[in-house]
Amino acid sequence: MRPCLRHFYSVLLFCVLSLPALAAKIPVGVMIYEGETSDGSSVFHILLNPPAGVTFDKLTPSFFVDGSGHSFVLPPPQPAPPPLYNFLFLTVPDSGFTSCPCRSATFLFSARTGTKVTFGGKKFVLRRISASFLDPPSGSSFLVQGESATIYLATVAEGD
C-alpha cells in the first residue's frame, strides 16, 4: 500500500475511533415497570435526579409504551437539591396508550438545537432527542414487574 494512502486510512480510522469520546450519555434517572392493573393499565415509576449542572428547564419529556405515547410537563421537583422528580406514570388504555402486557417502554427528552449542559466539569451539547428504552429481559416477550432502565441525556459533542 502506498504511504500516502496508508496515512489517509490511519487518519480516517483515528477520526472514527475518536468520535465516541466526544459524546457522552449522562445518566439522569431511572424508569421502573411496577406491573399491570386489572384493567390492562401499566404502572411505571419514574425517578429523575439530574447531576449538578444539568436541568430539565428547556427539555420536553415524552413517554411511550409499545409505540403509543404523549409529551407531558414534569411535576414540580422535590425541594432536596439536586431536584428529584419522583412520580408514577399510569398508562390507561383510554388515554391513547395500548393495553398491556407491554413489549417496551421509551422515555424521551426533546431539546432545542444547541442546548448545552455541564457534566463532569465539561460543557456538552445535547442531542435533539435523547431516548431511553426499557425492553423485556432475554427470553421474555413482555416487560417484567420490577424491571428497570436508566434514563439518559445523549450529547453530540463537547460545547464551548
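State yes or no: is F44 assigned to a strand (DSSP E or B) and either over 21 Å from G114 (Cα atoms) or in contact with a strand residue (DSSP E or B) (Cβ under 9 Å, 6 or more places away or on another chain) (or both)?
Numbers: assigned to a strand (DSSP E or B): yes; either over 21 Å from G114 (Cα atoms) or in contact with a strand residue (DSSP E or B) (Cβ under 9 Å, 6 or more places away or on another chain) (or both): yes.
In short, yes.
Restrict the check to segment 100-113 and report whether at least one residue is aliphatic (A, V, I, L, M), in contact (Cβ under 8 Å) with a residue 24 or more places away in the chain and touching a helix residue (DSSP H, G or I) at 6+ places or on another chain (Cβ under 7 Å).
Looking only at segment 100-113, we keep the residues that are aliphatic (A, V, I, L, M), and these are 105, 108, 111.
Filter once more, keeping what is in contact (Cβ under 8 Å) with a residue 24 or more places away in the chain: 105, 108, 111.
Filter once more, so that each one left must be touching a helix residue (DSSP H, G or I) at 6+ places or on another chain (Cβ under 7 Å): none.
For segment 100-113, residues aliphatic (A, V, I, L, M), in contact (Cβ under 8 Å) with a residue 24 or more places away in the chain and touching a helix residue (DSSP H, G or I) at 6+ places or on another chain (Cβ under 7 Å): absent.
Of all strands (runs of 3 or more DSSP E) completely enclosed by segment 72-148, which ones contain at least 1 residues that are farther than 21 Å from P51 by Cα and out of contact with any His (no Cβ under 9 Å at 6 or more places or on another chain)?
Working: elements: 85-91, 105-111, 116-119, 122-126, 129-134.
Qualifying strands (runs of 3 or more DSSP E): 85-91, 105-111, 129-134.
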statement: Pairing a residue in segment 53-80 that is more than 13 Å from A131 (Cβ to Cβ) with any residue that is among the charged types (D, E, K, R) and surrounded by 11 or more Cβ atoms within 10 Å (Cβ to Cβ), where Cβ atoms lie under 7 Å and the two sit 6 or more apart in sequence or on different chains, gives D66/R103
query: Can you pull out the residues in segment 126-155 that are surrounded by 19 or more Cβ atoms within 10 Å (Cβ to Cβ), among the β-branched types (V, I, T) and over 20 Å from F44 (Cα atoms)?
result: T155
- line: Scanning segment 50-71 residue by residue, those outside any loop (DSSP other than H, G, I, E, B) and either over 22 Å from A154 (Cα atoms) or hydroxyl-bearing (S, T, Y) (or both) turn out to be T60, S62, S68, S71
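Before we move on, is S38 surrounded by 14 or more Cβ atoms within 10 Å (Cβ to Cβ) and assigned to a loop (DSSP other than H, G, I, E, B)?
Working: surrounded by 14 or more Cβ atoms within 10 Å (Cβ to Cβ): no; assigned to a loop (DSSP other than H, G, I, E, B): yes.
No, not satisfied.
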field: Residue that is modelled with the lowest pLDDT, among those in segment 94-106 that are out of contact with any Pro (no Cβ under 7 Å at 6 or more places or on another chain) and surrounded by 14 or more Cβ atoms within 10 Å (Cβ to Cβ)
entry: T98
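The values are calculated or read from the model by the stated rules, or taken from the named source; none is laboratory data. Values in this document were obtained by computation on a predicted structure and should not be read as measured data. FYI the Cβ positions are ideal-geometry reconstructions off the backbone, even for glycines, and counts take in every protein chain you see.
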